[in-house]
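Following: one structure in structure tokens, then a few remarks.
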Amino acid sequence: MVGTKSQPTRLRKLTMKRKELLDQAHKLADRFCITDGKKFRLKDIDPGDTAWLKEEHKPQAEEALQEGIAALTGLQEMLYAQDRWSVLLIFQAMDAAGKDGAIKHVMSGVNPQGCQVFSFKAPTSEELDHDYLWRCMRCLPERGRIGIFNRSYYEETLVVRVHPEYLANQKLPPQVITKHIWKDRFEDISNFEKYLTRNGVIVRKFFLHVSKKEQLKRFLSRLDEPEKNWKFSSADATERELWGDYMDAYEDTIRNTATKDSPWYVVPADNKWFTRTVVAAAVIDALSSLDLHFPKVDAAKRKELAEVRDTLLGTK
Ligand code: ATP
Ligand code: MG
């Protein structure tokens with residue numbers, strides 16, 4: 001009995017609070033959502049941006065994040081029960097931008113049975129024996145599930161573009177390595193994502209945009225604090241030297257693959273609390289756009305359930 005006068009005040013308040021939360025999530029996510037790549041410039045996004053939330057709002061933002069996570073839990077339950085849509089969340093970033101932390105926090109309330117996380121590292125020899133989408137296609141989320149890619153096929157227009165030697169290592173026939181190869185890859189990726197969308201897989205892509213200065217700060221704390229040493233690899237420092245090339249590759253990738261159905265969120269990543277809030281908002285916004293509901297029980301099924309109930313209670 002939603003929206004009637006007989007609705008108890010508490011429930012009405014909860015419904016309003018939820019609507020407010022969804023509206024806020026939409027407003028925040030929308031600010032960082034790129035649906036038309038043509039106009040996108042990376043320099044327009046400040047990694048230190050916190051929108052209208054100031055440092056002193058941090059406790060409220062953290063509280064809102066907890067509420068958001070609770071809302072996400074409910075949405076995921078319906079996604080799972082409905083078993084029609086699936087959601088693919090792709091995370092890309094420079095090292096130490098906070099991919100792992102964002103995934104861990106935002107998905108903390110989600111039922112592990114309905115969520116799958118895959119990390120894509122440098123390809124193995126088996127993976128190099130296939131086209132580059134192969135390893136990712138095998139990990140696509142089943143219907144009703146949320147799939148998370150920690151790095152993805154986007155590495156093919158990022159790290160592989162920055163390191164031409166990786167392309168040379170891919171065992172491609174020389175005839176297909178033309179000067180159009182990056183344009184071809186953008187086109188193939190966009191077509192693949194269109195195909196997924198047309199099959200009920202909702203694709204959302206996140207670039208956690210950290211500044212070079214903040215990355216240095218995080219690297220130093222990984223070096224200085226023994227319990228963080230394991231997170232640091234000396235390769236991270238080498239990749240940092242190629243910062244400009246990576247930023248160009250990210251910009252070009254986003255410009256060529258951001259679409260209305262499959263947008264990029266360019267999330268400021270110098271403040272972890274803010275990054276997590278925006279990612280949660282974008283995931284909530286995506287799920288709440290799906291008109292999710294628990295499967296409807298028809299009259300015949302209701303009758304069957306009533307009969308089973310009577311049998312269980314011995315009243316039949
Ligand atoms: P962490 O936060 O733990 O550092 P990570 O995602 O950086 O997580 P690593 O094992 O450090 O994980 O790095 C994986 C590396 O694999 C990255 O440098 C990434 O660029 C690289 N990689 C991923 N896909 C490809 C690919 N297709 N070709 C070459 N390198 C790739
Ligand atoms: Mg790394």
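Just so you know, all these numbers are worked out from the coordinates, no wet-lab data involved. Because the structure is predicted, anything quoted here is derived from the model rather than measured. Heads up, the Cβs are rebuilt from the backbone with ideal geometry, glycines too, and the neighbour counts pull from every protein chain shown.
Within the stretch 179-195, residues that are surrounded by 15 or more Cβ atoms within 10 Å (Cβ to Cβ) have Cβ atoms under 6 Å from residues that are among the polar types (S, T, N, Q) and assigned to a helix (DSSP H, G or I) in these pairs: TRP182/THR157; ARG185/THR157; PHE186/ASN256; PHE186/THR257; ILE189/THR257; SER190/THR257, counting only partners at least 6 apart in sequence or on another chain.
Out of ALA258, ALA280, report the one residue that is touching a residue at least 24 places away in the same chain (Cβ under 8 Å), closer than 30 Å to HIS57 by Cα and surrounded by 11 or more Cβ atoms within 10 Å (Cβ to Cβ).
Values: ALA258 fails: closer than 30 Å to HIS57 by Cα.
Residue meeting the stated conditions: ALA280.
Residues in the stretch 234-246 that are away from ligand 1 (no atom under 11 Å from the Cβ) and surrounded by 16 or more Cβ atoms within 10 Å (Cβ to Cβ): ARG240 alone.
Among the residues of the stretch 121-129, is there at least one that is outside any helix (DSSP H, G or I) and within 19 Å of GLY147 (Cα to Cα)? Explain how you work it out, then say what you get.
Of all residues in the stretch 121-129, those outside any helix (DSSP H, G or I) come to 121-124, 129.
Keeping just the survivors that are within 19 Å of GLY147 (Cα to Cα) gives 121.
Yes.
For LYS54, the conditions (1) over 19 Å from the mean Cα position of the chain (by Cα); (2) of a type in the set (Lys, Arg); (3) more than 17 Å from ASN271 (Cβ to Cβ) are fulfilled apart from (3).
On the basis of being part of a loop (DSSP other than H, G, I, E, B) and either surrounded by 11 or more Cβ atoms within 10 Å (Cβ to Cβ) or hydrophobic (A, V, I, L, M, F, W, C) (or both), does ASP270 make the cut?
Numbers: part of a loop (DSSP other than H, G, I, E, B): yes; either surrounded by 11 or more Cβ atoms within 10 Å (Cβ to Cβ) or hydrophobic (A, V, I, L, M, F, W, C) (or both): yes.
Spelling it out, ASP270 is indeed part of a loop (DSSP other than H, G, I, E, B) and either surrounded by 11 or more Cβ atoms within 10 Å (Cβ to Cβ) or hydrophobic (A, V, I, L, M, F, W, C) (or both).
I'd like to know if the stretch 31-43 contains one or more residues that are closer than 27 Å to SER233 by Cα and away from ligand 1 (no atom under 16 Å from the Cβ). Yes: one or more hits.
Go through the stretch 9-41 and count every residue that is under 26 Å from MET247 (Cβ atoms), in a helix (DSSP H, G or I) and within 19 Å of the chain's Cα centre (by Cα). Let's see the steps before the verdict.
Filtering the stretch 9-41 down to residues under 26 Å from MET247 (Cβ atoms) leaves 28-41.
Retained after the next criterion (residues that are in a helix (DSSP H, G or I)): 28-31, 37-39.
Of the ones still in play, those that are also within 19 Å of the chain's Cα centre (by Cα) are 28-31, 37.
Qualifying residue count, the stretch 9-41: 5.
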